[in-house]
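Participant: Questions regarding the structure given below will be posed in turn.
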Amino acid sequence: MNIFRAFLKTKLHTKILFGLIAGVPLGLLLGPRAEAIRPIGDVFIRLIWMIVVPLVFSSIFAGTASLGDVRKLGRIGARTILYYIVTTSIAITLGLLLASVFKPGSGIGETTKAALLESYEEEAMADIEIASARPGVVETLARIVPRNPFESLSSGDMLQIIFFAIAFGIAATVIPGGKGKILIDFFEAVSGAMTQLVRMVMKLAPIGVLALVAAVVGRFGAGIILSLAKYAAIVAAGLALHAGIVYSAAVWTFSRMNPLFFFRGIRPAQIIAFSSSSSNATLPVTIQCAEENLGVPKDVASFVLPLGATINMDGTALYQGVATVFIAQVYGIPLTIVDMLTIVLMATLASIGTAGVPSVGLITLTMVMRTIGVPLEGIALILGVDRILDMCRTVVNVTGDASAAVMVAAAEGSLRRPGAGPAPAAAPGAENP
C-alpha cells in the first residue's frame with residue numbers, strides 16, 4: 001500500500017516511463033494475446049488526436065495574431081524552415097554513411113531473405129500502391145492552399161490547416177478599429193481550453209503507453225528482431241547519434257541551453273512519441289513541454305511545432321537512408337555517389353507534407369527507392385522490425401521539432417531561462433510533467 005501511494009505521488013513523466021518499461025515484459029509474457037489490451041492504448045491515442053486539430057488551428061491563429069508584425073512572422077518562418085531542411089539533410093547523410101560503412105545487408109542469407117519477402121509481400125504491395133498514388137513535390141506544395149478550409153479541418157490536413165490559420169490570423173490583425181480582437185480573444189480561449197484538456201488526457205498516459213508497448217512487443221516478439229538485428233541496430237544508433245550530437249549542438253550553440261536540461265524537458269513528449277509512433281498525436285504534449293519545461297513562448301511554440309510535425313522528419317529521413325542502402329545491398333545493387341546525392345535530395349523533399357502518422361516513412365521510402373531503381377518489393381525485408389523502428393524515429397522527429405522551437409525562440413530573444421518562472425500559457429498550479 002505504501003508503494004502504491006508513493007507511485008501515485010511520483011511525477012507524471014516517471015509514471016509514463018514506468019508504463020513504457022513495464023510494457024516490454026508484459027508483451028513478452030502475453031505474446032499475441034497482448035493485442036487484447038491494445039484498445040486501451042488506442043483510446044488514449046484517440047483522445048490525443050481529438051485535441052490536435054482544434055489545438056493546432058487555435059494556437060497558430062492566436063500565435064500569428066499575437067506577433068502583430070508580418071515581417072516577424074516571415075523571419076520566424078524562414079528560420080524554422082531553414083533549420084528543418086539543414087537537420088533533415090544531416091540526418092539522411094548520417095544514415096547513408098553508417099549503412100555504407102557497416103553494410104547491414106551483407107549479413108542477410110538467401111533463406112532469411114526469401115522468408116521475409118514471403119511473410120510481408122502483401123503488406124509491402126499495399127505500401128507500394130499507396131506510394132504510387134501520392135502527388136509529387138510540386139503538386140504537394142500547390143495543395144497547401146485549401147479550396148475548402150472546413151474540409152481541411154475535418155480531414156486533418158495539417159499543411160492546409162496551418163496555411164489557413166496563418167492567413168486568417170494575419171487578416172484578423174489588420175481589421176480596422178481593432179475589431180479583430182474579439183476573434184483573437186476567442187481563439188486564445190480555445191487554445192487555453194485545449195491545453196487544459198491535454199493535461200487531463202495525460203493522466204491516462206501511463207496505462208495507455210503500457211498497453212501500446214505490450215501490444216507491439218507481443219505481436220512481433222524477439223525472433224524477427226534477431227534476424228534483422230544489424231540493420232535495426234544501425235538505424236537505432238544513427239537516431240541516437242543524430243539526437244545526441246546534432247540537437248545537443250543546436251540548442252547549446254543557439255541558446256546556450258544545457259542539452260541535459262533540454263532532453264529532460266522534452267522527455268514526456270518523447271515517451272508519447274515512442275508509444276504512439278505519431279508526431280501529430282504527440283503534438284499537444286510537445287507544445288506543452290516546450291512552453292512549460294523549455295521556456296519557449298506561446299507564439300513561437302504554436303507556429304514552429306505544428307509546422308515541424310508536418311514537414312520535419314529527421315528520424316524518418318535517417319531511416320530511409322539506412323533502409324535504401326540495406327535493401328540495395330541485399331539485392332547486390334551498387335549505389336554510386338550520384339545515387340547517394342539523389343537519396344539525400346528525394347528524402348528531404350519527400351518529408352514536405354508527409355503526415356506525422358504511424359508507418360508513413362514506408363510510403364516515402366518507396367518513393368525514394370523508385371527514384372534510384374531499387375526493387376520496391378524489397379521493403380518487405382524490413383517490415384518485420386519497422387513498427388519498433390518507427391517508434392524510435394518518431395522520438396527523433398519530435399525532439400527535432402522541440403530543438404527548432406528553442407533555436408527560434410533564442411534567435412528572437414524571447415526564450416525564458418530555467419527558473420525564470422512559469423510559461424505565460426501555463427495555468428496556475430498545473431502539473432509539470
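Every number here is computed from the coordinates shown, using simple stated rules; none is lab data. What you see is a predicted model, and the numbers here were worked out from it, not measured in a lab. Positions of Cβ are generated from backbone atoms using ideal geometry, with glycine treated the same way; all protein chains shown enter the neighbour counts.
Participant: So how far apart, in nm, are the two label points at A22 and E377 if each is 7 Å from Cα heading toward Cβ?
Facilitator: 4.6
Participant: Between region 14-45 and region 224-279, how many Å separate their Cα centres?
Facilitator: Taking the Cα centre of each part, region 14-45 and region 224-279 sit 22 Å apart.
Participant: Give me the net charge of N397's neighbourhood, meaning all other residues with Cβ under 14 Å from the Cβ of N397; Lys, Arg count +1, Asp, Glu -1.
Facilitator: On the way: positive: R393; negative: D314, D390, D401.
Within the 14 Å Cβ shell, the charges total -2.
Participant: Please find the FRET efficiency linking R46 to V101, where r is the Cβ-Cβ separation and R0 is fixed at 45 Å, and quote it to the nearest 0.05.
Facilitator: The formula returns an efficiency of 0.60 here.
Participant: Separate question: What spacing in nm lies between the two simple spin-label points modelled at S89 and R38, each 7 Å away from Cα in the Cβ direction?
Facilitator: About 4.0 nm, to one decimal.
Participant: How high is the FRET efficiency from V174 to W252, r the C-beta distance, R0 30 Å, rounded to 0.05?
Facilitator: Efficiency computed from Cβ-Cβ geometry: 0.20.
Participant: So, one more: How far apart, in nanometres, would the label points at R416 and F150 be if each is projected 7 angstrom from Cα along the Cα-to-Cβ direction?
Facilitator: 3.9
Participant: In the structure shown, do any of K181/K298; K72/K181; K15/K230; K203/K298 have a Cα-Cα gap over 25 Å, and if so which?
Facilitator: Listed pairs above 25 Å: K15/K230.
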